[in-house]
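What follows is calculated from the coordinates using simple rules that are stated; it is not laboratory data. Since the model is a prediction, treat every value here as computed from it, not as a measurement. All Cβ positions, even for glycine, are placed from backbone atoms using ideal geometry, and neighbour counts span all protein chains on display.
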Amino acid sequence: MAREAALAALRAEAARLAPVHLRTLIAQDPARADDFALQVGPLYASFARQHYDRRALEALFAFAQACDLAGAVRRQQDGEIVNPSEGRAALHTALRGDVSPAPVARAAHAQALAAQARMAALVEQVQASGVTDVVSIGIGGSDLGPRLAVDALAPRAPRLRLHFLSNVDAHAAERVLAGLDPARTAAVVISKTFTTQETLLNGRLVRAWLGDDARLYAVSASPGRVAAFGIPPERSLPMWDWVGGRYSLWSAVGLPIALALGMEGFRALLAGAAAIDRHVREAPLRQNLPAWLALTAFWNRNLLGRATQAVLPYDERLRLLPAYLQQLVMESLGKSVRLDGTPVALDTVRVWWGGVGTDVQHSFFQALHQGTQVVPADFIGVRQAAHAHAGHHRALLANLLAQGEALANGQPSDDPHRAYPGGRPSSLLLLDRLDPGALGALLALYEHATYLLSVLWQVNAFDQFGVELGKQLAQRLLPALQGQDAGMPDDPVTRALLARLRGD
Ligand code: F6P
């Protein structure tokens, strides 16, 4: 079936289901609790509380078929140019395994293994150096993934304590460096381009604070700029054009993870992701977890018109997941033109937001339960805690279960203030335990779902030109902020605000 016909069929399904309450869909088909769920490696996923039924799901799978999701996965993993606006492949999958037999992917995997061997040596070197703390300097994709993985997985008494510095606001640097001893601290400057203003400024600040260049390391795809910055090749690790920033924690960008968990932990993270790479390539559509996640997002966005998506980890260790997913999803899918440059015909990215349960139940959940906008949610839970307070964990899981049910079913009342409309869909992702393998699988799942959604929307998931204009304007305004007349902006509002900032 052609794409447009499949989309028309989907619209008919959505119209059919519009008057049917989610609670009715669930009550009419109790078997969906099992049938709308998948177990893939360490990930269990339930879509039973999504506002579709079996017929609508079939229409979604037919749409996926018409969009050739399976072919798109192969093209990405085989190293074809899936980022045509920059003429690049997106081979993050080659960083974690050899899922593809394609020569380009094989060559990339060999490069990744060589970099990992060098990374292992650097980890040993830092561990043996008497250093107790490491400051990781980077921003966006050169920060969020390592920061999340370290926050989620680092042991409570690590051999090396990791600290993360991203913001150009030097209050951040002051906070990070306060209490650290420069003589027992190393720093790693992580930047694919090595041109990022925030990272270079912070790198220079920390280098001056260290007072000794010998404990300064770098990760970059630009060895020339690293050398110009003054970090020698033996203390720098490579990355490549074929790794996108927000897909890069699996490369040497993950050095902070390896420093915090050891190389063994980092390799387990890669292996967890590699298993999902194989799954997304080999599993048929109906058993394909990233495809379910992407199709569910498409359903909520384009058939039900939901403009936002909440991500709600019920595990303190995953508190940084919403921020990580904001970049992954919104930088990848925040596009208005298709791969060929023509305007999209469908709405694309939703606003992703969220926070950790149970805290958020006492902040924005009121709006989720009774607000006028329906916000689909991804709940994420971990069955076994890594602490000894079983009662707390039971309370956490009880809340996790309760929220999904309350949102879906609601509860009528004669008092309109006390009525819960329900009909608010959610998915549940459940991990057995939070270890490097499971986290790797979880992040790879979202990466693949993001790419598949880009295929459904026909947009490029791997460029991010939208962030460039603001960066350029900021650079142009710097001289004026320094008091020079050069670089005075033409825009009257910016001029007026600048005058106020300068105290003219
Ligand atoms: O914010 C835009 C961006 O280009 C991200 O895509 C990237 O992860 C981040 O900046 C950092 O870039 P770099 O690693 O080159 O410093």
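Given the chain, report the % of alpha carbon pairs whose separation exceeds 40 Å. Looking at the chain, the distances longer than 40 Å represent 26 percent of pairs.
Among residues other than L144 with Cβ under 14 Å from its Cβ, the summed charge is -1 (Lys and Arg +1, Asp and Glu -1). Each residue in H21, H389 was given a count of other beta-carbon atoms within 10 angstrom of its own, and listing them fewest first yields H389, H21. Each Lys or Arg adds one and each Asp or Glu takes one away; over the other residues whose Cβ falls under 12 Å from the Cβ of R319, this sums to -2. Counting neighbouring beta carbons within 10 Å and listing from fewest to most, the residues M330, M239 come out as M330, M239.
Assuming 0.36 nm per residue, please report the length gained on full extension of the stretch A474 to S129 beyond their Cα-Cα distance.
120.3 nm
Can you give me the angle between helix 54-66 and the longest principal axis of the chain, using Cα atoms only, in degrees from 0 to 90, rounded to the nearest 10? Value to nearest ten degrees: 50. Secondary-structure-derived ellipticity at 222 nm for the chain, considering helices only, amounts to -14500 deg cm²/dmol, per-run term -39500 (n - 2.57) for DSSP H runs with n ≥ 4. For the chain, the longest principal axis of the alpha carbon atoms and the long axis of helix 468-481 meet at an angle near 40°. Computed over every Cα-Cα pair of region 134-251 and binned at 5 Å starting from 0, the pair-distance distribution P(r) comes out as 2, 12, 23, 25, 22, 12, 4, 0 percent. Going from the residue with the fewest nearby Cβ atoms within 10 Å to the one with the most, D414, D143 rank D414, D143. Relative to the longest principal axis of the Cα atoms of the chain, the long axis of helix 390-409 lies at roughly 50 degrees.
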